[in-house]
Every structure is written in C-alpha cells, then in structure tokens.
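**Q** My questions will all concern the structure given below.
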Amino acid sequence: MFNFWGSKEQQGQSRPAEVSSQQPWYSPRPQTSGQNPTHVSPGEAAGIIMLLKDKSVDELKKLLSDKDAYQQFLLSLDQVKIQNNIKDELRRETLQLARDNLEKEPQIMELRNQCSIIRTTELATAQEKLNELERQKEEILKFYSPGSLLLKLQEAINVADEESEALQEKFIEKEIDTAAFVQKYKKLRTTYHRRALIHLAAKTSTIG
C-alpha cells in the first residue's frame, strides 16, 4: 500500500534488523501489464511520510504485522476519510432517491391506470368518430364523383322532358290555353336542352 521506507531521511540507512526480518501480514500485489498504478500526489505522499516519521520501530513493525493496526492507521488518513465521506454521501443520496421513488409508486400506478382508461375509452371514442368521418367523406366523394353527377344530370334531363310532354298532353286536351302553354313549354324545353348540352359536354370531357 504505502512505502514506509521512502523518506529522504531514511535513504541510505539500513532498516532495523527486527523490522526487516519481520514477515508482514500482507503481500503487495504486483502490477500486471495494462493496470494503471494508483496515483498519489507528492503532497499526499509527503503527508503520509510525515505521519510515519514520528512512529517508533515497534509501531512500524506493528503496522506491518498487525492487520487491525494497519487498518486503523489507514482509516485515520485524511485522504481515506475524504473518500469514505464521499462514499457515505453517495450512499445516502442513493437511498433517498430510492425512498422518493417508492413514495411516488402510487402516483405512478394511478397515472398508468388513467392512461389505460384513456386508451380504452377516449381513444376508442375518437377512433369511432374518425371512422364515421371517413365514411361520410367516402359518401360525399361518391356523391360528387363524375359518374354520379352525370347520372343525376341525366335524371334531371328526363324530368324536364317528361314535364314538357305532360304539358303538351294538357294542351291537346285543352286543359291549358295557348298563351300559358307556350310560355311554360318554352321554359321547360329550354331547361331540357341546357341540361342536355351540359351532360354532353361533361360526358365528352370525362371520356377524353
């Protein structure tokens, strides 16, 4: 973890025999290719060295051999405290978010139910209305199609022709005087021929 013997004051000095001969409880894991070494700033390293400088040989030996003592020393470092505080804060925030989500669960379920009701009722009603409008549109288009208009125009021509023939029968039977007959008959035949010309022009245009 830390190089306890890396300070300048101890460079060139031999380690105490009792410390160097002591087998530590841990074995630093060697670096393998592709692994990034833990970055420790010079200031942090100097701070750790200053903490170790004041310790006696027995205390240093205990750190190497006693796992609990080493763990306690590690947790006392400011860098470790900061990291632990950050970790605790993140844990608290995560738990709070989880509680907030659980509190909102009934509201979420209610919104889901409302969406389901909308899909099964309002959406169905809107779809039915849309289908009705589509049907009306088809009927209107069919009513005003060229073929339909020509058919209706032909029927109107037949009506005008039948009315003029009926008027002529009345004149023959002397049910109407000459002046009235001429006026009405002229009007009916004018309507007949106008409709016939329009029908012919429309039919010719449609065929062309």
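The numbers here are math on the coordinates, done by the rules we state, and not lab data. What you see is a predicted model; the values in this text were computed from it and never measured. Note: ideal-geometry Cβ built from the backbone for every residue, glycine included; neighbour counts use all protein chains shown.
**Q** Convert each backbone phi in the stretch 90-100 into a coupling constant with the Karplus relation 6.51 cos²θ - 1.76 cosθ + 1.60 (shift: θ = phi - 60°), then list the ³J(HN,Hα) values in order as whole Hz, x for Gly and Pro.
**A** Here the 3J(HN,Hα) series is 5, 5, 5, 5, 5, 5, 5, 4, 5, 5, 4 Hz.
**Q** Still on this structure, I have one more. Tell me which of Ala160, Leu150, Ile176 sits at the most positive position along the dipole axis of the stretch 145-206, charges placed on C-beta atoms (Lys, Arg +1; Asp, Glu -1).
**A** Most positive-ward Cα: Leu150.
**Q** Right, here's the next one. Ranked from highest to lowest mean number of other Cβ atoms within 10 Å per residue, what is the order of the peptides 124-137, 150-163?
**A** For the peptides 124-137, 150-163, the packing ranking is 150-163, 124-137.
**Q** Still on this model: Excluding Gln136 itself, what net charge comes from residues whose Cβ is under 14 Å from its Cβ, given Lys and Arg +1 and Asp and Glu -1?
**A** Around Gln136, the charge tally is -1.
**Q** Hey, another quick one. Could you work out, for the stretch 44-142, what percent of all Cα-Cα pairs fall into each 10 Å distance bin, beginning at 0 Å and stopping at the bin that holds the largest distance?
**A** Final binned percentages: 12, 18, 13, 11, 10, 9, 9, 7, 6, 3, 1.
**Q** For the stretch 145-206, what is the convex hull volume of the alpha-carbon atoms per residue, in Å³?
**A** Convex hull volume per residue, Cα atoms: 57 Å³.
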